[in-house]
Each structure stands twice: as C-alpha cells, then as structure tokens.
Amino acid sequence: MPTAPSREIGIVGFGQSVYRKKTDRTLISLLADSARAALKSSGLKKSDIDGISVCSFVLPPDNAVTLAEQFGLPVSWAYYGTAGGAGPIAAVLNAVRAIEAGHATTVLCLAGDNYDIEGHYKLMDQFHVALRNYATPNGFGGANGLFGIVQRKHMETYGTTREQLGRISVGQRRSAQRNVNALLRGPLTLDDYMTARVIADPIRLYDCVLPCSGAEAVIVTALDRVEPHRRVAILSGYEQHNHPVDEIAPLSGGWECFQKKLFHDAGRDHSQMDFVQAYDDYPIMVAIQLEDLGFCSKGEVGPFLAEHEFSFDGSFPLNTNGGQLSCGQAGAAGGMIGLVEAVRQLRHEAGDFQVSKARCGLVSGYGMVGFGHGLSSSSIILEKTQ
C-alpha cells in the first residue's frame with residue numbers, strides 16, 4: 001500500500017496560460033507560457049528544473065522527453081500522463097515519489113491542449129480502440145451521450161433533480177464573473193440553467209464544458225528551497241483506475257476506494273476543507289465526487305446541493321475560479337485547473353475571488369472515458385504551511 005507523501009515536498013509555484021475558444025498558438029507555446037508563470041511564481045530558475053511531467057491529448061507524437069528538448073531542459077526524470085483528467089494530480093504524486101527516490105529534485109508538471117469544439121469531437125471519436133471500433137460507429141454521442149445516461153440513472157435511482165444539480169453551474173458562474181481568464185463570465189441564473197437547450201437529455205447546455213485551448217503548470221520540490229509564503233504542502237493523495245470493473249454508467253468512481261485513507265493520511269476531516277476543486281466536466285460528476293469523497297452519503301447529494309451555495313464566498317466554496325464549466329476545458333488542462341486554483345487560493349493570491357482564510361483544501365481529478373464509464377480517479381489534499 002502506498003505511504004503518504006513526504007510533507008517536506010510540496011508545490012512551490014503555479015501558472016497558467018490565457019484560455020481561448022480558438023487559437024493559432026502552438027501547444028508548445030501555451031505550455032511554455034504556463035511554465036514561465038510557474039517559475040516566476042516559485043522564485044526558482046529554469047536551471048533548477050531537472051524533472052518534467054506533461055498531460056496532453058494532442059501532444060503526441062511528442063511526449064515528455066521531446067518537450068524537455070524543446071524547452072531546453074536536461075532532465076533526469078520524465079513522466080507522460082495517461083489518465084485524462086485524473087492524470088495531472090497523479091503526475092504530481094508521482095513527482096513527489098521521484099523526488100523522494102532521488103530521481104529528481106525539482107519537477108515541472110504541465111497539462112494542456114489546443115483544440116476547439118470540432119477538434120474535441122474528432123478526438124473523442126478516436127479516443128482509444130474501444131470507442132473507435134465499437135462506440136463511435138454506433139453513435140454513442142460522445143461524452144455528452146455517456147454522461148446523460150449517468151445523470152438519468154442517478155436521478156431515477158436517488159431522486160436527484162436538475163434544480164439541485166443546477167446550483168453547481170450557477171454558483172461556479174458567480175465566481176467566474178470575477179475571473180478574467182474564464183471564457184464564460186456572463187450572469188447565469190437557475191432559470192437560465194433549467195430552460196437551456198437540450199444536448200443529450202437530461203443534460204442541457206449549461207451542464208457542458210466549452211472545449212478550448214490553454215495550459216496549466218505547477219512546480220514540485222522540497223519546500224525549504226523557497227520562501228515560506230510560496231510553500232504549499234501535500235498532505236495526502238491517491239489515484240485509482242478502472243473502478244468499478246465492467247460496470248456501464250456507474251454511479252460511483254475510484255474515490256470511494258481511497259476516501260478514508262485520503263483524510264486519515266492528511267490528518268484532517270471534511271469540516272477542515274476550506275474549499276473543494278472537483279473535476280467538473282458535468283455537474284453530475286461533481287455530485288458523484290462529493291458523495292464518494294464523503295461530503296455526503298451516497299444518494300444524498302441532492303439535499304446537500306439544495307442547502308449550499310457554491311461560489312467562492314458561499315457556504316461550500318467549489319471550483320472557486322468558475323471551474324471548467326465557466327473557464328472552459330482545455331483538454332488535459334482540465335485535470336490541473338483545479339490544482340492550480342487550489343495553490344492560488346492557499347497562497348491567498350486569488351484576488352477578487354479569494355476564499356476568506358483559506359488554509360486547507362481538496363482537489364479531485366477524473367478522466368479517461370472508457371467503454372461506458374470513466375476509468376481514472378485521483379484526489380489530493382493541500383495545506384498552506386504558514
């Protein structure tokens with residue numbers, strides 16, 4: 001069983017590129033923008049970096065090693081993420097292990113893609129062999145079609161309503177209105193959410209992310225290498241893949257396998273989380289994460305959603321920059337946008353959407369759509385050391 005990561009190693013810098021609906025920028029240039037911002041945030045030099053990880057859907061045939069070449073970085077450890085939106089958290093956890101083992105001292109962890117809506121659909125049609133050979137030829141409807149089934153199943157099994165799920169999109173949009181890097185910043189009411197056009201019943205327009213271009217980055221190293229105000233400790237973290245096995249449209253994910261260990265290792269409880277950054281490709285998956293991570297019991301997320309407000313200054317701060325539902329989903333960067341936002345919040349550098357007195361928070365990842373279900377789950381608990 002994996003042990004908890006060393007608390008002497010953590011995240012010391014963060015950065016992101018500008019998000020765009022369409023761009024003529026190369027992916028390498030977007031990743032470079034986020035890397036430069038992360039280095040500046042850390043106070044370290046480019047020459048300090050000796051490890052690199054990258055998560056991206058459209059980077060191939062390039063990979064982590066060729067990216068290091070293009071960045072002019074000699075590295076002793078390289079990692080390419082394969083777990084979709086769960087990959088960036090897994091990459092950070094593996095970077096910690098690499099540093100503990102002496103394979104690197106300072107790791108630049110990146111995630112990003114540069115496609116638009118059309119590019120996203122083409123990607124999903126050829127995502128992997130199971131989808132290409134079996135799902136796409138039968139018109140499975142892409143991610144919208146799959147998660148429409150998941151949402152309908154959850155609604156019919158537990159009585160969850162669209163009004164309850166809509167509170168996630170509405171609350172996050174309220175935060176996004178203060179985030180200049182969010183692509184969707186217009187006001188969104190619950191009535192707007194409820195009456196939006198149908199995409200894949202019961203999923204409607206504001207249940208869906210906007211595919212876009214962008215990149216995110218964090219730097220992992222020993223905390224004592226930087227000034228105290230830059231330090232964010234990693235208290236615990238886990239990843240789980242292919243759970244539950246063989247189930248089509250499951251109402252749970254890998255988080256339920258490690259939820260108790262996650263909090264036990266961190267030495268924290270749910271009430272001590274000042275925010276949650278949950279992977280939000282759809283509100284229904286946010287709801288399932290909240291259940292599986294123990295913020296409410298399975299099947300009781302509907303009443304939980306009804307009693308809370310989810311903006312950065314609400315009763316349950318959730319995806320405090322607006323999340324993917326308002327910022328956009330820049331491919332694999334969707335798995336790191338919450339991680340970057342968590343570090344920003346814990347360093348109290350979020351400006352107009354800062355969570356008051358934020359000290360400890362949870363980030364959750366999800367991704368790699370398989371044949372009828374998502375394959376990968378990850379979570380990490382972070383805390384400001386000062």
So PHE353 clears everything in (1) on the phi > 0 side of the Ramachandran plot; (2) buried (at least 18 other Cβ atoms within 10 Å of the Cβ) except one condition, right? Which one? (1)
Taking ILE203 as meeting all but one of (1) open to solvent by 60 Å² or more (accessible area, probe 1.4 Å); (2) touching a Phe, Trp or Tyr at 6+ places or on another chain (Cβ under 9 Å); (3) among the β-branched types (Val, Ile, Thr), write down the number of the exception. (1)
List the pairs whose first member sits in region 207-236 and is among the basic types (Lys, Arg), whose second member is crowded, with 20+ Cβ neighbours inside 10 Å and part of a strand (DSSP E or B), and whose Cβ atoms are under 8 Å apart, counting only residues at least 6 apart or on separate chains? ARG225/VAL12; ARG225/THR106; ARG230/VAL12; ARG230/GLY13; ARG231/GLY10; ARG231/VAL12; ARG231/LYS384
Residues that are among the charged types (D, E, K, R) and either free of Cβ contacts under 8 Å to residues at least 12 places away in the same chain or touching a Phe, Trp or Tyr at 6+ places or on another chain (Cβ under 6 Å) (or both), drawn from region 127-164: ARG132, GLU156
Which residue is nearest to TYR279 (Cα to Cα), if the candidates are limited to region 356-378 and must be part of a strand (DSSP E or B) and at pLDDT below 95? GLY367
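Can you confirm whether region 305-317 contains a residue that is assigned by the TED database to the domain that holds SER252, touching a Cys at 6+ places or on another chain (Cβ under 8 Å) and without any contact (Cβ under 8 Å) to a residue 24 or more places away in the chain?
No, every residue in region 305-317 fails to be assigned by the TED database to the domain that holds SER252, touching a Cys at 6+ places or on another chain (Cβ under 8 Å) and without any contact (Cβ under 8 Å) to a residue 24 or more places away in the chain.
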Any idea how many residues of region 245-258 are open to solvent by less than 50 Å² (accessible area, probe 1.4 Å) and touching a residue at least 60 places away in the same chain (Cβ under 8 Å)? 7
Return the only residue of ALA278, ALA266, ALA287 being out of contact with any Lys or Arg (no Cβ under 6 Å at 6 or more places or on another chain) and surrounded by fewer than 24 Cβ atoms within 10 Å (Cβ to Cβ). ALA266
Residue pairs qualifying under the 8 Å Cβ cut-off, at least six apart or on distinct chains, with the first in region 343-356 being of a type in the set (Lys, Arg) and the second being open to solvent by 60 Å² or more (accessible area, probe 1.4 Å), are ARG347/HIS229
Evaluate the following for LEU339: is it modelled with pLDDT of 95 or more and outside any loop (DSSP other than H, G, I, E, B)? yes
ILE381 fails exactly one of the following numbered conditions: (1) part of a strand (DSSP E or B); (2) at pLDDT below 95; (3) not aromatic (Phe, Trp, Tyr). What is the number of that condition? (2)
State which residue is nearest to PRO88 (Cα to Cα) when the search covers only region 43-59 and only residues that are within 21 Å of the chain's Cα centre (by Cα) and open to solvent by 30 Å² or more (accessible area, probe 1.4 Å). PHE57
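Does LEU93 qualify as being at pLDDT 95 or above, open to solvent by 10 Å² or more (accessible area, probe 1.4 Å) and over 30 Å from ARG7 (Cβ atoms)?
no
Yes/no matrix, rows are residues, columns are (1) among the small types (Gly, Ala, Ser); (2) open to solvent by 10 Å² or more (accessible area, probe 1.4 Å):
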{"position": "THR23", "(1), (2)": "no, yes"}
{"position": "ILE28", "(1), (2)": "no, yes"}
{"position": "SER34", "(1), (2)": "yes, no"}
{"position": "ALA64", "(1), (2)": "yes, no"}
{"position": "VAL75", "(1), (2)": "no, yes"}
{"position": "THR106", "(1), (2)": "no, no"}
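When you check PRO250 against the structure, is it assigned to a loop (DSSP other than H, G, I, E, B), of a type outside the set (S, T, N, Q) and under 30 Å from ALA130 (Cβ atoms), yes or no?
The answer is yes for PRO250.
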Does region 102-114 contain any residue that is of a type in the set (A, V, I, L, M), more than 30 Å from GLU300 (Cβ to Cβ), modelled with pLDDT of 95 or more and touching a Leu at 6+ places or on another chain (Cβ under 6 Å)? yes
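The values are calculated or read from the model by the stated rules, or taken from the named source; none is laboratory data. Keep in mind the model is a prediction, meaning the values are calculated, not measured. Here Cβ is always computed from backbone atoms with ideal geometry, including for glycine, and neighbour counts include all displayed protein chains. To get the accessible areas, we keep the full protein, side chains included, count just its heavy atoms, and leave off ligands, DNA and RNA. Shrake-Rupley method; radii C 1.70, N 1.55, O 1.52, S 1.80 Å.
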